[in-house]
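A.B. asks: Structure incoming, see below.
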Amino acid sequence: MRPFKIYLAGKMSGLTFEEMNGWRAEATRLLNEVLGSDIKVINPCLYYNFDMDSSTYTEKEVRDFDLYQVKTSNVILVNLNFSDSVGTAIELHMAGNEWDVPVVAFRSKSRKSHPWIDLSVTKMCESLKEAVQYIKDFYYSAW
């Protein structure tokens, strides 16, 4: 049986590596702590990022890699505290509306997303911890 796979979606463009990866590192730590180490967490920052030499890859390659990971995941965990990302919007649309992959999002109460983004979200949480617990209770426990 393949491992339970979680894709970490969220804005990257225009952010520092720490801004785009900090929450993903914390999410990976929490997911492993709560769900155990027999899961697969996909952090796209570790595959493609803005510190890499852009002549070594194409944007189509990046898009196709990310969308393949989204399509083959059991659940998408998305940080919507920065919700103005075209790439994230496409990932969420494809996951939540085309491929029936559950999308669990988190954002602070003071943040807003475009209504169409919200339509692609299965569950909206107020914190990363709440989102991880929801994934455990509703998706991982049924795996």
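The values are calculated or read from the model by the stated rules, or taken from the named source; none is laboratory data. Small disclaimer: the values here were computed from a predicted structure and weren't measured. For neighbour counting, all protein chains shown are included, and Cβ atoms are generated from backbone atoms with ideal geometry for every residue, glycine included. Note: accessible area is taken over every heavy atom of the protein model, side chains too, but ligands, DNA and RNA are not part of it. Shrake-Rupley method; radii C 1.70, N 1.55, O 1.52, S 1.80 Å.
A.B. asks: What's the local net charge at Phe138, with K and R +1, D and E -1, over the other residues with C-beta under 13 Å away?
C.D. replies: Working: positive: Lys123, Lys136; negative: Glu130, Asp137.
With Lys, Arg at +1 and Asp, Glu at -1, the net is 0.
A.B. asks: Could you tally the net charge around His93, taking each other residue with its Cβ under 14 Å from the Cβ of His93, Lys/Arg +1 and Asp/Glu -1? Walk me through the numbers before you get to the answer.
C.D. replies: Details: positive: Arg63, Lys71; negative: Asp66, Glu91, Glu98, Asp100, Asp118.
Neighbour charge sum, excluding His93 itself: -3.
A.B. asks: Charges only on Cβ, +1 for Lys and Arg, -1 for Asp and Glu: so what's the dipole of the range 35-132 about the Cα centre, in debye to the nearest 20?
C.D. replies: Working: 10 positive and 14 negative charges, 86 e Å.
Value, rounded to 20: 420 debye.
A.B. asks: Please list the non-local residues whose amide H lies under 5 Å from the amide H of Val103, H modeled 1.01 Å from N, same-chain partners needing a gap of 5 or more.
C.D. replies: Distant-sequence amide H within range of Val103: Ile76, Thr122, Lys123.
A.B. asks: I'd like to check one number: the per residue accessible area of the chain, probe 1.4 Å, reported in Å² as a whole number. Walk me through the intermediate numbers first.
C.D. replies: Values: 7860 Å² over 143 residues.
Counting only protein heavy atoms, the per-residue value for the chain is 55 Å².
A.B. asks: For semi-axes √(5λ) of the Cα gyration tensor in Å, several values are listed as [x] 23, 21, 16; [y] 21, 18, 15; [z] 19, 18, 16; flag the one computed from this structure.
C.D. replies: [y]
A.B. asks: Let me ask something else about it. With each run of n ≥ 4 DSSP H residues scored as -39500 (n - 2.57), what mean residue ellipticity at 222 nm is computed for the chain after dividing by its residue count and rounding to the nearest 500 deg cm²/dmol?
C.D. replies: On the way: 5 runs with 53 residues, N = 143.
Helices in the chain give a 222 nm mean residue ellipticity of -11000 deg cm²/dmol.
A.B. asks: Could you check which residue among Lys71, Lys123, Lys60 shows the biggest mean-square fluctuation in a GNM of the chain with a 10 Å Cα cutoff?
C.D. replies: Lys60
A.B. asks: Moving on. Over the chain, what percent of the accessible surface lies on carbon and sulfur atoms, probe 1.4 Å?
C.D. replies: Working: 4220 of 7860 Å².
Answer for the chain is 54 percent, counting heavy atoms of protein chains only.
A.B. asks: Hey, which lysines would be in cross-link range of Lys129, C-alpha to C-alpha under 17 Å, not counting anything within fewer than 8 residues on its own chain?
C.D. replies: Lys109
A.B. asks: Okay, moving on. Given the protein chains as shown and a 1.4 Å probe, how many square angstrom of Ser55 are accessible, to the nearest 10?
C.D. replies: Rounded to the nearest 10, the figure is 100 Å².
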